[in-house]
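Quick notes on the structure that follows.
The values are calculated or read from the model by the stated rules, or taken from the named source; none is laboratory data. No experiment lies behind these values; they were computed from the predicted model shown. Note that each Cβ is placed from the backbone with ideal geometry, even for glycine, and that neighbours are counted across all protein chains shown. Surface accessibility is based on the protein's heavy atoms, side chains included, excluding ligands, DNA and RNA. Shrake-Rupley method; radii C 1.70, N 1.55, O 1.52, S 1.80 Å.
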Amino acid sequence: MELPTVTAYSLPVDPPISFNARAARTLRERLGMAPGHVAYGMRASYGMSHVSPDHITAWERGEALPTANEVTALAGALWCGPGELMGRPRTLLEHRLARGVSAEDLARLIGLDIDAYRYMEETGRWTGDKRQSANLGSVLKLPPRDFIAVTGQEDELARLLTEAVSTRWQAHVRAIARLVAIDRRALQEPLRTMQHEYQALMAATLGRASSNSTADDGRRFLEDIVEHFWARIEEPPRQ
């Protein structure tokens, strides 16, 4: 079955978001609803006059992506929260939807003009001040990793981590702790381990048996240093 209208209906009025197709289908089947029932609920209760059973089927098969407004309406029709239909939130928009907060309410709670907030959400570029950033993290209950990503501070974190593993990590603990809002004591072992890993790569590069691949390993380590950091922070404690 061709579904040209699904793609057309789901274009830029609202950008596509991370969507869990399997979860949508599972939730619908648990309720004993057919795609037509879900589409009717979205039309009747949420004004989604364009949504047909074919849309529901296409979303569940991964053949099309619903927009943010469509996900909100779909969640209402399936009696669940939007977050249950989404993958891991990545953007400001997705984190807001996952928490079920309207743009107007979030802007008010963090102390921003609604138009200014919508612009940040649409562009994916956070420009709020320190107080507004703290309010954002609190309202959306953002873990440190997501807070840093959403507020656009990953480049600064990468800079601090690169300096930490390249020199004395102890001299950078305070600045990193302040940036990611994690207790300094919890950062000591991850930073020490990362420095040892990087220094070992650099020592191998300088050795007689060094090769281009070894040097590339050092460069890749720095390119992925933020991911290395969060992996160390989030790994379970050793027994």
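Working from Cα pairs under 8 Å separated by at least six residues, relative contact order for segment 89-223 is 16 percent.
How large is the dipole of segment 44-124 about the Cα centre if only Lys and Arg carry +1 and Asp and Glu carry -1, each at its Cβ, rounded to the nearest 20 debye? It would help to have the intermediate numbers written out before the result.
Values: 7 positive and 12 negative charges, 48 e Å.
Here segment 44-124 has a charge dipole of around 240 debye.
Placing pseudo-labels 7 Å out from each Cα toward the beta carbon at A34 and S138 gives an inter-label distance of 5.1 nm. When restricted to Cα atoms, segment 85-229 yields an Rg and a Dmax of 18.6, 62 Å, respectively. Ligands, DNA and RNA are left out, and with a 1.4 angstrom probe the accessible area of the chain is 58 Å² per residue. Net charge of the neighbourhood of A149, taken over other residues with C-beta under 13 Å away and scored Lys/Arg +1, Asp/Glu -1, is -2. Rounded to the nearest 20, the Cβ-based charge dipole of segment 41-89 about its Cα centre (Lys and Arg +1, Asp and Glu -1) stands at 80 debye. Here segment 18-172 has an Rg and Dmax of 19.0, 62 Å, counting Cα atoms alone. I need the shape label for segment 126-204. Rule: rounded when a/c is under 1.5, else prolate if a/b > b/c, else oblate, with a, b, c from the alpha carbon gyration tensor. Prolate is the answer for segment 126-204, as a/c is 1.5 or above and a/b outweighs b/c. With one equal scatterer per alpha carbon and no solvent term, the Debye-computed log10 I(q)/I(0) for segment 36-95 at 0.29 1/Å reads -1.32.
For segment 34-111, carbon and sulfur atoms together expose 52% of the accessible surface, with a 1.4 angstrom probe and every protein chain in place.
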